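What follows draws every value from the coordinates through simple rules; no lab data is involved. Predicted, not measured: the structure shown is a model, and the values here were computed from it. Heads up, the Cβs are rebuilt from the backbone with ideal geometry, glycines too, and the neighbour counts pull from every protein chain shown.
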Amino acid sequence: MTNQILTRMGDGERLWMDVEDVMDDIRDGCADAAQRIGVPELSEEDQKKLFDILAEPSRIVSVNPGEEVIVSDDGTTMSFYSGQDGGGVGTPLSRQQAVQTYERACGADTTSLGHSDYSYKPVKSIINFEANDYYNISQVTTAPFFYGAQPNMGLYFQPDGPCPNAAELMPLGKIEEARQAQEQACDYLADDLVFVGSKLAEVGLEGLNFDTSGSAGDADFLAALQGVERLKEKFPDLPILMGGAGEFILGMHGELTYDDKRIAGMYTIDQVKAVEKAGANIYGMAVNTATTESVPWNLARAVTFLKATTDTAAIPVHANVGMGVCGVPMMEQPPIDAVTRVSKALVQIGKADGL
Amino acid sequence: MGMAIAHIMASCMGGIRTAGDLVAWMQMTRKMKINEAKAYVAEKLGIEVFDLTNEEVMRELRKDLGLGTVTSIAGGPKGIRAKMKIAELLDIKIRSVELFKSQMGL
């Protein structure tokens with residue numbers, strides 16, 4: 001066996017690493033995640049399995065036959081026709097053509113539709129257009145068809161939205177005012193999530209995706225939880241996938257709670273229990289990739305978070321594996337050698353129910 | 001786009017090429033974890049779990065049961081008609097199908 005392994009850094013840079021250095025990074029990545037959430041590190045056997053996946057000399061790897069999982073998506077069909085900002089390849093396809101191509105040519109397990117801005121707030125004013133497209137496409141698709149967007153509470157702050165800007169108030173020491181602004185934004189956001197979800201539910205929505213919940217901190221995550229709760233009350237049969245924005249929820253407010261638990265600081269093992277309590281059907285787990293660490297380090301860390309999360313979850317857990325999450329390098333065009341190793345490790349060692 | 005396709009090649013069940021969509025419906029409608037969902041679908045189809053991702057088995061089965069095939073067959077159930085069959089087979093409610101049925105007076 002060669003003493004060096006071809007791998008990547010978290011920013012995608014390709015490099016040869018000594019075997020000992022790869023093992024060290026695996027151990028360190030596992031230890032970092034385990035220490036943060038208070039669970040045992042991956043066993044020696046699992047760490048060896050992870051090493052074997054990373055050391056596999058083939059250009060790409062895959063799971064063993066029979067161990068395949070559901071690969072859901074968050075706006076992948078938009079990547080057919082959108083541009084660089086959405087990771088898109090700019091082909092001249094309509095939304096319907098993109099969805100059907102993804103279903104039929106790519107063999108995806110689920111498909112989805114989303115607005116170019118991929119946030120719920122801008123969807124509100126064009127909801128009838130979105131509902132019309134969703135309904136039309138749902139008549140010709142066979143695989144489960146989601147509508148997805150991000151809660152993205154940042155859009156509710158001035159100058160883009162109605163609420164005082166919490167990020168500007170905090171540096172001025174106006175902590176209480178900043179908290180009030182976030183609570184106000186949280187209420188607006190939850191209302192919009194329910195409004196958009198309800199309108200789509202009325203035209204036969206098969207599944208709704210709250211993608212990257214918590215990106216603006218604990219109030220953002222709370223709004224998504226409340227949105228799930230309220231939609232489930234109105235439409236108990238509506239499947240909802242609620243995904244996180246990272247392994248840790250930022251305490252931009254700091255005092256908000258859900259089910260008597262503080263939201264700020266929730267790691268994935270706590271996030272999934274909150275998502276379960278709200279009534280969502282699937283939890284999407286995100287772990288941010290550190291660009292200055294190697295893929296072995298990032299992947300070991302993501303697998304450790306994932307395994308602990310799937311162990312505690314009563315609902316399916318899909319690991320988010322887009323650019324810069326769960327070990328996928330943070331770049332516009334993630335290398336497929338790294339992507340497939342992340343895919344295989346999260347499924348076979350992390351025990352993901354889906355990706 | 002390449003990233004999504006890489007994940008599909010590496011880990012995906014195969015969607016309507018095989019039984020990926022069927023297993024996904026069970027996660028969505030019954031909150032089933034992956035092994036439970038696979039076992040449920042395999043039992044409904046009368047096949048081994050291992051064959052859920054076997055194109056050679058699933059292609060004929062999908063064709064026979066009217067679940068929609070990945071290759072486009074003239075006259076074969078597609079879209080909402082295939083989803084009606086899927087909902088019936090899996091004993092689940094698919095919301096688009098429920099709306100369609102209500103419009104048809106079914």
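Points to keep in mind about this one:
- Taken over the range A:212-236, residues that are within 14 Å of chain B (Cβ to nearest Cβ) and either of a type outside the set (A, V, I, L, M, F, W, C) or not in a helix (DSSP H, G or I) (or both) amount to 4.
- Neighbours by Cβ (under 8 Å, 6+ apart or cross-chain): first from the range A:187-204, at positive phi and within 14 Å of chain B (Cβ to nearest Cβ); second part of a helix (DSSP H, G or I) and aliphatic (A, V, I, L, M): A:Gly204/B:Val97; A:Gly204/B:Leu99
- Output for the range B:58-81, where each listed residue is within 14 Å of A:Thr142 (Cβ to Cβ), of a type in the set (A, V, I, L, M) and free of Cβ contacts under 8 Å to residues at least 40 places away in the same chain: B:Leu65, B:Ile73, B:Ile80
- Elements of type helices (runs of 4 or more DSSP H) contained in the range A:7-107, each with 1 or more residues being more than 14 Å from every other protein chain (Cβ to nearest Cβ) and of a type in the set (Val, Ile, Thr): A:19-37
- Just so you know, in the range A:243-261 the residues that are within 20 Å of the chain's Cα centre (by Cα) and among the aliphatic types (A, V, I, L, M) include one that is farthest from A:Asp211 (Cα to Cα), and it is A:Met252.
- Evaluation of A:Ala167 against the conditions (1) surrounded by fewer than 16 Cβ atoms within 10 Å (Cβ to Cβ); (2) more than 23 Å from A:Leu222 (Cα to Cα); (3) away from chain B (no Cβ under 14 Å) shows that the sole unmet condition is (2).
- Hey, B:Gly14 at the interface with another protein chain (Cβ under 7 Å from one of its Cβ atoms) and either surrounded by 17 or more Cβ atoms within 10 Å (Cβ to Cβ) or without any contact (Cβ under 8 Å) to a residue 12 or more places away in the chain (or both) or not: yes
- Yes/no for A:Asp117 being under 28 Å from A:Ser215 (Cβ atoms), within 18 Å of the chain's Cα centre (by Cα), part of a helix (DSSP H, G or I) and not β-branched (Val, Ile, Thr): no
- Within the range A:122-153, restricting attention to residues that are closer than 23 Å to A:Ile249 by Cα and in contact with a helix residue (DSSP H, G or I) (Cβ under 8 Å, 6 or more places away or on another chain), the residue that is surrounded by the fewest Cβ atoms within 10 Å (Cβ to Cβ) is A:Asn152.
- Meets criteria (buried (at least 24 other Cβ atoms within 10 Å of the Cβ), β-branched (Val, Ile, Thr) and more than 22 Å from A:Leu205 (Cα to Cα)) for B:Ile86: no
- Enumeration of residues in the range A:59-97 that are in contact (Cβ under 8 Å) with a residue 60 or more places away in the chain and aliphatic (A, V, I, L, M): A:Ile60, A:Val61, A:Val63, A:Val69, A:Ile70, A:Val71
- Of all residues in the range B:47-106, none satisfies the criterion of being of a type in the set (S, T, N, Q) and more than 11 Å from chain A (Cβ to nearest Cβ).
- In the range A:125-147, the qualifying residues are those that are in contact with a Phe, Trp or Tyr (Cβ under 6 Å, 6 or more places away or on another chain) and part of a helix (DSSP H, G or I), and the one that is farthest from A:Phe210 (Cα to Cα) is A:Ser138.
- Residue in the range B:93-100 that is on the phi > 0 side of the Ramachandran plot, buried (at least 17 other Cβ atoms within 10 Å of the Cβ) and part of a loop (DSSP other than H, G, I, E, B) present: no
- In the range A:311-355, the residues that are hydroxyl-bearing (Ser, Thr, Tyr) and either more than 8 Å from chain B (Cβ to nearest Cβ) or part of a strand (DSSP E or B) (or both): A:Thr312
- Restricting the range A:15-49 to residues that are surrounded by 20 or more Cβ atoms within 10 Å (Cβ to Cβ) and among the β-branched types (Val, Ile, Thr), the residue that is farthest from A:Ala345 (Cα to Cα): A:Val22
- Restricting the range A:277-301 to residues that are out of contact with any helix residue (DSSP H, G or I) (no Cβ under 7 Å at 6 or more places or on another chain) and buried (at least 24 other Cβ atoms within 10 Å of the Cβ) leaves a set whose member that is farthest from the other protein chains (Cβ to nearest Cβ) is A:Ala286.
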